[in-house]
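The values are calculated or read from the model by the stated rules, or taken from the named source; none is laboratory data. Predicted, not measured: the structure shown is a model, and the values here were computed from it. Ideal geometry is used to build each Cβ from the backbone, glycine not excepted, and the neighbour counts take in all protein chains shown.
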């Protein structure tokens, strides 16, 4: 029978297969009950029970159990099933308990950073990995996010604007964006640099409007209306200062030969950040005064030609004095607001 392509007189064609139910021909024979055998055109070959051949075994089992009573093996009504390997097309259970290093995973899945997408549930440490997950009413403790978190329909997961008319929030690694719905903050404590801004009709730069929370009405005592931000050349910074502070100005405080004007923000140059508190003008040139991050008083000199200078004022009370730090520079990163 092993050297022919006939079963019960029926001629087999290459690729045909059968499930053998006859007598056991011995441990060294492929003709043993339950084996699936396939004719390759010359000889019969054993089809081993593996993931890609499980369908043959299931089809054979259906044929064998066709018409069997429901209480028989067709429903596998067993009190306990023990197996080292099983292939099941459809499984319906009340409870699955994983023990030790037990895992449930999709075929070929080797982690969310691997080449095959899928999922993994591991018992020993409770790890769950999945390339795509949809949940509802999720609650998390000690969550760590890598990448972007999006709520609403304003942005996609990559931070691209897709619907500016909708409300939503985008939490990325370096910034938070909120669109349309009001933002409410209670008992805010901030350190470092805090910037709040909006655009008011007919104005350029950044505007910040503070409200009296207790009275629910505008407090006009603090309105920031004009600002400059980004890398600026000497000419750009000089021109902006000339525009913002025409001489004289009622808010200016005179000193011999010039005026002081209120100005807040910072200038970053020569590896130093100077927190600016006011600006001075003398003999047609500008001086930005403030405290450096090293605790020393500095002045940024913005002349009407040439390059700028960073001056260490030390303990001097003379507005125009100081020793040069780091040589001249043609541009600087600034973030300044006129108040």
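When we screen 26, 41 for residues that are more than 59 Å from the chain's Cα centre (by Cα) and part of a loop (DSSP other than H, G, I, E, B), the only hit is 26.
Yes/no per residue for (1) farther than 23 Å from residue 96 by Cβ; (2) modelled with pLDDT under 85:
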position: 123; (1), (2): no, no
position: 128; (1), (2): no, no
position: 141; (1), (2): yes, no
position: 146; (1), (2): yes, yes
position: 149; (1), (2): yes, yes
position: 154; (1), (2): yes, yes
position: 162; (1), (2): yes, yes
position: 172; (1), (2): yes, yes
position: 176; (1), (2): yes, yes
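Mind checking whether some residue in the range 291-313 is closer than 17 Å to residue 231 by Cα, modelled with pLDDT of 90 or more, within 37 Å of the chain's Cα centre (by Cα) and in a strand (DSSP E or B)? Taking every residue of the range 291-313 in turn, none turns out to be closer than 17 Å to residue 231 by Cα, modelled with pLDDT of 90 or more, within 37 Å of the chain's Cα centre (by Cα) and in a strand (DSSP E or B). Scanning the range 111-152 for residues that are under 28 Å from residue 174 (Cβ atoms) and in contact (Cβ under 8 Å) with a residue 24 or more places away in the chain gives 145, 147, 148, 152.
Can you name every residue in the range 112-125 that is surrounded by fewer than 12 Cβ atoms within 10 Å (Cβ to Cβ) and in contact with a strand residue (DSSP E or B) (Cβ under 9 Å, 6 or more places away or on another chain)? Walk me through how you get there before you give the answer.
Initial filter on the range 112-125 (surrounded by fewer than 12 Cβ atoms within 10 Å (Cβ to Cβ)): 113, 115-116, 124-125.
124, the sole residue that qualifies.
Within the range 63-93, restricting attention to residues that are under 19 Å from residue 22 (Cβ atoms) and surrounded by fewer than 12 Cβ atoms within 10 Å (Cβ to Cβ), which residue is modelled with the lowest pLDDT? The qualifying residue modelled with the lowest pLDDT is 66.
Has the range 49-62 got at least one residue that is exposed (fewer than 10 other Cβ atoms within 10 Å of the Cβ), free of Cβ contacts under 8 Å to residues at least 60 places away in the same chain, under 59 Å from the mean Cα position of the chain (by Cα) and part of a loop (DSSP other than H, G, I, E, B)? So far as the range 49-62 goes, no, none of its residues is exposed (fewer than 10 other Cβ atoms within 10 Å of the Cβ), free of Cβ contacts under 8 Å to residues at least 60 places away in the same chain, under 59 Å from the mean Cα position of the chain (by Cα) and part of a loop (DSSP other than H, G, I, E, B).
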